[in-house]
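Working notes, beginning with the structure itself.
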Amino acid sequence: MLKKITLLTSLLPFYAQAALENNIDFLNFGSQAQFKSFSEDLTGALAQKTLIPAEPLGTVGFDLGVSYSLSSLKNKQMGAVSLQPKDSINTVALHAVKGLPFGIDLGVDLANGINNITTLGGSLSYAILDGGVAMPALNIKGFYNQSYDAKAVDFSSYGAEFGVSKGFANITPFASVGLVNGEVKATSGALNLGAPVSAESTSMMKYAAGVNINLMVMDILVGYNQIGEVPSYSLKAGFRF
């Protein structure tokens with residue numbers, strides 16, 4: 001186990017050196033409607049993604065990993081907050097999930113989606129069905145994340161979803177459907193160069209699908225999440241044991 005954790009931490013330089021653009025440094029929206037569109041994009045890109053099968057880990061199990069996600073923005077309002085706007089947001093995240101008794105898994109995530117916005121989140125899932133040779137695993141999961149030390153906007157989101165997965169040898173496909181609620185508001189010290197804007201709350205459907213592949217020495221996961229109208233494509237490397 002120590003060797004696995006050591007190998008996982010060797011991936012941390014990739015996280016630390018991620019030179020991501022789209023800094024949110026100021027606000028320059030022409031209307032509240034534009035800020036609402038921006039809030040929908042930000043929630044779709046930064047809300048917690050499903051990058052784990054539904055099967056419970058068990059009391060001695062862990063799922064540890066590092067992920068990279070590319071989220072394509074629908075409304076493209078980044079020019080109102082950044083001097084280097086892009087039509088997508090790249091996210092690098094650290095994930096840790098611990099199995100507990102009674103089919104419960106507890107997870108934490110630390111993610112950087114923009115250079116000056118970092119989010120910290122958690123999740124709690126319960127296995128309705130553990131899964132087996134003939135049966136898929138089913139779970140229900142609640143999740144929450146929020147930004148901290150942000151320069152211009154504060155972000156938070158929470159939601160719940162139902163998930164399903166079924167293992168076949170070393171391959172485990174998974175899928176989920178749920179609902180995400182997000183809130184985006186200007187920080188108290190934000191530099192506002194445009195129209196005054198108030199906090200925006202959004203509620204959007206969330207869909208996810210992917211496959212986890214066990215390669216003996218590590219696990220590779222390829223995933224797709226769509227939150228509202230923002231699709232995200234993810235690659236995760238780590239260990240599930």
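The values are calculated or read from the model by the stated rules, or taken from the named source; none is laboratory data. Just so it is clear, the model here is predicted, and its values are computed rather than measured. Glycine also receives a Cβ, built like all others from the backbone with ideal geometry; neighbour counts cover every protein chain displayed.
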Subset of the range 163-183 [surrounded by 16 or more Cβ atoms within 10 Å (Cβ to Cβ) and aliphatic (A, V, I, L, M)]: Val164, Ala175, Val180
Complete set of residues in the range 38-56 that are assigned to a helix (DSSP H, G or I) and either in contact with an Asp or Glu (Cβ under 9 Å, 6 or more places away or on another chain) or modelled with pLDDT under 95 (or both): Phe38, Ser39, Glu40, Asp41, Thr43, Gly44
Looking only at the range 101-116, and only at residues there that are surrounded by 16 or more Cβ atoms within 10 Å (Cβ to Cβ), at pLDDT 90 or above and more than 23 Å from Ile220 (Cβ to Cβ), the one that is nearest to the chain's Cα centre (by Cα): Ile104
The listed residue being in contact with a Ser or Thr (Cβ under 8 Å, 6 or more places away or on another chain), surrounded by fewer than 19 Cβ atoms within 10 Å (Cβ to Cβ) and modelled with pLDDT of 95 or more, out of Ile128, Ile140: Ile140
Residues (closer than 14 Å to Val177 by Cα and surrounded by fewer than 17 Cβ atoms within 10 Å (Cβ to Cβ)) located in the range 204-223: Met205, Tyr207, Ala209
Filter pass, Pro85 being modelled with pLDDT of 95 or more, of a type outside the set (S, T, N, Q) and either surrounded by fewer than 19 Cβ atoms within 10 Å (Cβ to Cβ) or touching a helix residue (DSSP H, G or I) at 6+ places or on another chain (Cβ under 9 Å) (or both): no
Scan of the range 186-200 for residues that are surrounded by 14 or more Cβ atoms within 10 Å (Cβ to Cβ) and within 30 Å of Ile140 (Cα to Cα), ordered by number: Glu200
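Just to check your reading of the model, which residue among Ala96, Ala137 is under 25 Å from Leu70 (Cα atoms), aliphatic (A, V, I, L, M) and in contact with a strand residue (DSSP E or B) (Cβ under 6 Å, 6 or more places away or on another chain)?
Only one candidate qualifies: Ala96.
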